[in-house]
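A short write-up of the structure that comes next.
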Amino acid sequence: MLHVDEVTSDWSVLLAMSETENARLLSVILDGFGYAPLECRDNNSVFEHLSKTTPFAAVVDLRLADSDEICNLVVERGGVSLVVLLEDDEKDPEEIIAQYGAEAWESVDASPENILFVLRQLANQSSPVG
């Protein structure tokens, strides 16, 4: 079960995604569960957000033209869990996430709820216990 107060408001998530209905819905859902969505469309806006804050996670759609640069910026920043969105027909997702230094992956067509589930798993891994 999901609880609105499960995450403090300072937990931001960088969203470097194509402009789709799923991206918009994910942003709304994240906001509703206490995450602060930081929407980006290119590496310049990612750089700008990363110069101001360190999000706990970044979701990067590998269909974006500058997704390689975006992933590099996120990894170089350090302390940010990277989730990459892959095409459904990707034959070896584990190789791709290793290549980008990502912690997780999901389908580009995944529902916002599935992406939220992945982010919650990462948040639980990074939260101190007790």
Open item on the list: Of everything in segment 24-44, what is of a type in the set (D, E, K, R) and closer than 11 Å to Val13 by Cα? Give them in sequence order.
Closed with: Asp31, Glu39
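One line per residue, one yes/no per condition, for (1) hydroxyl-bearing (Ser, Thr, Tyr); (2) under 13 Å from Leu26 (Cα atoms); (3) at pLDDT 95 or above:
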| position | (1), (2), (3) |
| --- | --- |
| Asp42 | no, no, no |
| Ser45 | yes, no, no |
| Ile70 | no, no, yes |
| Val84 | no, no, yes |
| Lys91 | no, no, no |
| Tyr100 | yes, no, no |
| Gly130 | no, no, no |
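Condition check ((1) touching a helix residue (DSSP H, G or I) at 6+ places or on another chain (Cβ under 9 Å); (2) closer than 15 Å to Leu116 by Cβ; (3) of a type outside the set (Asp, Glu)) across all residues:
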{"site": "Val13", "(1), (2), (3)": "yes, yes, yes"}
{"site": "Ala36", "(1), (2), (3)": "yes, yes, yes"}
{"site": "Val59", "(1), (2), (3)": "yes, yes, yes"}
{"site": "Leu64", "(1), (2), (3)": "yes, no, yes"}
{"site": "Cys71", "(1), (2), (3)": "yes, no, yes"}
{"site": "Ile97", "(1), (2), (3)": "no, no, yes"}
TODO: Kindly provide the set of residues from segment 50-80 that are outside any loop (DSSP other than H, G, I, E, B) and open to solvent by less than 50 Å² (accessible area, probe 1.4 Å), ordered by number.
DONE: Leu50, Ala57, Ala58, Val59, Val60, Asp61, Ser67, Ile70, Cys71, Leu73, Val74
- [ ] Please give the number of the condition Asp89 fails out of (1) surrounded by 13 or more Cβ atoms within 10 Å (Cβ to Cβ); (2) more than 19 Å from Val118 (Cα to Cα).
- [x] (1)
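The values are calculated or read from the model by the stated rules, or taken from the named source; none is laboratory data. Since we're looking at a predicted model, the values are computed, not measured. All Cβ positions, even for glycine, are placed from backbone atoms using ideal geometry, and neighbour counts span all protein chains on display. Heavy atoms of the whole protein, side chains included, go into the accessibility calculation; ligands, DNA and RNA do not. Shrake-Rupley method; radii C 1.70, N 1.55, O 1.52, S 1.80 Å.
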